[in-house]
Amino acid sequence: MTKRYSGRRSMWLALALPLALGACSDRGRAGSDSAAIRQQTLADTGALSATAGFVESSPAFTDAGILAMIDEASQSDSIAAALADEKASDPDVKAFAALMMAEHHALRLEGDLLEKRLSITPRLPASDPLAPTAEDEMIALRATPKGPEFDRTYIQKEIVTHQAVRDFAEQARRSTPSGDIRSFIDLMTPVIRRHLDRAQTLRKKLVQAT
């Protein structure tokens with residue numbers, strides 16, 4: 001099977017990584033829990049993604065594709081949250097971003113362990129259904145200034161992102177023959193739903209405040 005770098009993947013990384021590095025430039029809060037989580041999250045983003053930049057021509061819902069896309073979803077959410085930690089103004093939005101970094105980081109570590117246990121090398125499919133949503137969020141967050149406008153944009157994009165990941169997870173669970181991967185999806189799904197519920201609650205709060 002021929003491996004190649006995805007143009008879409010390269011675009012996503014070009015958008016995300018400079019933002020991530022900028023988000024960890026604030027050393028004044030280096031002793032805080034959120035800063036420590038942010039820096040650890042961003043360090044692991046590179047380490048855990050060494051193989052996820054390759055794509056294959058097979059359908060999206062192979063086991064290798066499923067694991068790659070699950071990791072991609074948590075990676076993009078972690079980077080978006082690191083940026084939100086820097087640019088958000090509402091304390092509850094900042095707390096939500098810290099939760100996203102911590103829990104998506106934990107999911108990435110669980111996925112990495114599963115890949116090793118199953119001896120599966122994750123490969124993003126050419127027809128990656130999650131990449132457009134991740135790209136759209138990064139473009140929007142990059143363009144939005146700090147403050148209340150960013151709070152609203154970030155939370156709205158997180159709702160869209162988590163809805164997309166929830167729907168993807170349901171399809172992936174039906175597609176994989178692996179009981180271990182189904183169990184991982186069963187572990188992930190309540191986390192995604194909880195994040196979505198929290199984001200929807202925050203959206204209501206932010207709308208009422210305007």
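The table below gives the values:
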{"read-out": "Rounded Å value of the spacing that divides the Cα centres of segment 182-210 and segment 100-155", "value": "14 Å"}
{"read-out": "Dimensions in Å of segment 54-210 - Rg and Dmax from alpha carbons", "value": "15.8, 51"}
{"read-out": "Hits among lysines - C-alpha to C-alpha of Lys94 under 18 Å, sequence gap 8 or more where chains match", "value": "Lys146, Lys157, Lys204, Lys205"}
{"read-out": "Intensity falloff of segment 126-210 expressed as log10 I(q)/I(0), Debye formula with alpha-carbon point scatterers, at q = 0.11, 0.15, 0.22 Å⁻¹", "value": "-0.38, -0.64, -1.05"}
{"read-out": "Dipole of segment 160-210 [Lys/Arg +1, Asp/Glu -1 at C-beta], most positive-end residue of Val207, Phe184, His162", "value": "Val207"}
{"read-out": "Selection from Gly111, Ala84, Ala126 lying farthest towards where the dipole of segment 82-127 points positive, charges on Cβ", "value": "Ala126"}
{"read-out": "Efficiency of FRET from Cβ geometry, Asp180 and Glu149, R₀ 30 Å, rounded to 0.05", "value": "0.10"}
{"read-out": "Net charge of neighbours whose Cβ lies under 10 Å from the Cβ of Met100, counting Lys and Arg as +1 and Asp and Glu as -1", "value": "-3"}
{"read-out": "Estimated D of segment 161-210 in µm² per second, where Rh is the Kirkwood radius over Cα pairs and Stokes-Einstein applies at 4 °C, 1.567 mPa s", "value": "108 µm²/s"}
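Rule-based calculations on the coordinates, nothing more; no lab input. Since the structure is predicted, the reported quantities are computational estimates derived from the model, not experimental observations. Cβ sites come from the backbone with ideal geometry, for glycine too, and all protein chains shown count toward neighbours.
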